[in-house]
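Trainee: Right, I'll just put the structure down here and ask away after.
The values are calculated or read from the model by the stated rules, or taken from the named source; none is laboratory data. Since this is a predicted model, take the numbers as computed values, not measurements. Please note: Cβ atoms are built from the backbone with ideal geometry, for glycine as well, and neighbour counts cover all protein chains shown.
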Amino acid sequence: MNLALIITTLLVACAVCAALIVLLRPLLQRYALARPNARSSHRVPTPQGGGLAVIISAIAAVACAITFSGLTASSSLIVVLVATILLALVGAYDDLRTMPVLPRLLMQAAAVGMTLGVLPQEFHLLPALPLWAERAVLLIGGLWFVNLVNFMDGLDWMTAAEVVPVTTALVLFGIFGELPISATIVALALCGAMVGFAPFNKPIAKLFLGDVGSLPIGLLTGWCLLQLAGSGHLAAALLLPLYYLADATLTLFRRLIKGEAVWIAHRSHFYQQATDNGFSVIQVVRNVFILNIVLAAFAAITVWLKSPAVQGVMLLLGAGAVANVLYRFSRPRKISG
């Protein structure tokens, strides 16, 4: 990818997203108001649905990048974008009216299944597993990834602090030929769209993503990470989203052990505990952002050196860095004298 294409794609995604938010915000204020509840970190009714602008601008930027670069959109990319639109529609309905759990999960599984269905037959991450078993694991993992992005989108700037570093790293890997061009363009467009959304979600947020944004963002990010893993960089694909994976998964297991209904809204995530333990919203997202930069650096080392030993060491270091942040979030913040 040349520099002009990179800059143009970023600017198109960012500008279109910001413009759409300005246009849509009055409608969202009227029809998609998120009122505070037991799970909320906000205290006043705030419009949600800003993710609609993020997804529209990201898809528009992908289309522009492909058109002006002379590339041909592959059938698999088209299917992924269609699945993204499907998830956005599911999320939009859930933002306006509550969708029952089972239909919501079935629609999400259909979208994830569509993205997996267009993977080539030779796409096989773990040869020790039969292909059908690996695809079943990927379906469950993809469904979980889509939902965990939604679960973690409970604090101003949180999703931006996650998605921007992850997609930036993916773009850099793509520039150096370590990620397919289609995934690189998607990551670039999503990064630009999230940058365009970020000023409106700055604490104290004037706008939330809503499910219309968090669900398809999870799908697009997960697909890009899957493409990275398929390019021989499984360790990097695990390191980049490791904080989100750890926070959401550990929280799920803790609630299951306690016998809690995991589908009911709650404030048990580590980042939510942090705000209850004396961390400000800015301090939480700053910690997450810095952690993601560190994880991206570890991922880059595994990509460039391609050594199993190095990958193991970087995974251990990444797990340690994540554990350190989770531990600090779960304890009352020490105020220096």
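Trainee: Looking at the range 313-330, which of the residues that are of a type outside the set (A, V, I, L, M) and without any contact (Cβ under 8 Å) to a residue 12 or more places away in the chain is nearest to F289 (Cα to Cα)?
Mentor: Looking at the filtered set, the residue picked out is N324.
Trainee: Also, quick follow-up: Could you grab me the full set of residues in the range 113-150 that are of a type in the set (S, T, N, Q) and either surrounded by 15 or more Cβ atoms within 10 Å (Cβ to Cβ) or touching a Leu at 6+ places or on another chain (Cβ under 7 Å) (or both)? Before the answer, list the steps.
Mentor: In the first step, residues of the range 113-150 are kept if they are of a type in the set (S, T, N, Q); the result is 115, 121, 147, 150.
Of everything in the range 113-150, those that are of a type in the set (S, T, N, Q) and either surrounded by 15 or more Cβ atoms within 10 Å (Cβ to Cβ) or touching a Leu at 6+ places or on another chain (Cβ under 7 Å) (or both) turn out to be T115, N147, N150.
Residues checked against (1) at pLDDT 95 or above; (2) more than 26 Å from K202 (Cβ to Cβ); (3) of a type outside the set (A, V, I, L, M); (4) crowded, with 19+ Cβ neighbours inside 10 Å:
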{"site": "A248", "(1), (2), (3), (4)": "no, no, no, yes"}
{"site": "K258", "(1), (2), (3), (4)": "no, yes, yes, no"}
{"site": "W263", "(1), (2), (3), (4)": "no, yes, yes, no"}
{"site": "D276", "(1), (2), (3), (4)": "no, no, yes, no"}
{"site": "V288", "(1), (2), (3), (4)": "yes, no, no, yes"}
{"site": "V303", "(1), (2), (3), (4)": "yes, yes, no, yes"}
{"site": "A309", "(1), (2), (3), (4)": "yes, yes, no, no"}
{"site": "G320", "(1), (2), (3), (4)": "yes, yes, yes, no"}
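Trainee: Continuing with this model, one more query. Go through (1) over 22 Å from the mean Cα position of the chain (by Cα); (2) surrounded by 14 or more Cβ atoms within 10 Å (Cβ to Cβ); (3) in a loop (DSSP other than H, G, I, E, B) and name the single condition R328 misses.
Mentor: Result: R328 passes all but (3).
Trainee: Could you please tell me which pairs satisfy a Cβ distance under 8 Å, a separation of 6+ or placement on different chains, a first residue in the range 141-162 that is part of a helix (DSSP H, G or I), and a second residue that is among the charged types (D, E, K, R)?
Mentor: Filtered contacts from the range 141-162: V149/E162; N150/D211; M152/E162; M152/D247; T159/D153; A161/R286.
Trainee: Here is a further query. Please verify whether A183 is assigned to a helix (DSSP H, G or I) and in contact (Cβ under 8 Å) with a residue 60 or more places away in the chain, treating the condition exactly as stated.
Mentor: no
Trainee: Now for a separate question. Residues that are more than 26 Å from V101 (Cα to Cα): which helices (runs of 4 or more DSSP H) entirely in the range 214-286 hold 2 or more of them?
Mentor: Counting at least 2 such residues, we get 234-239, 270-276.
Trainee: Next question, about the same structure. Which residues, taken from the range 61-93, are at pLDDT below 90 and either hydrophobic (A, V, I, L, M, F, W, C) or part of a helix (DSSP H, G or I) (or both)?
Mentor: The answer is T67, F68, S69, L71, A73, S75.
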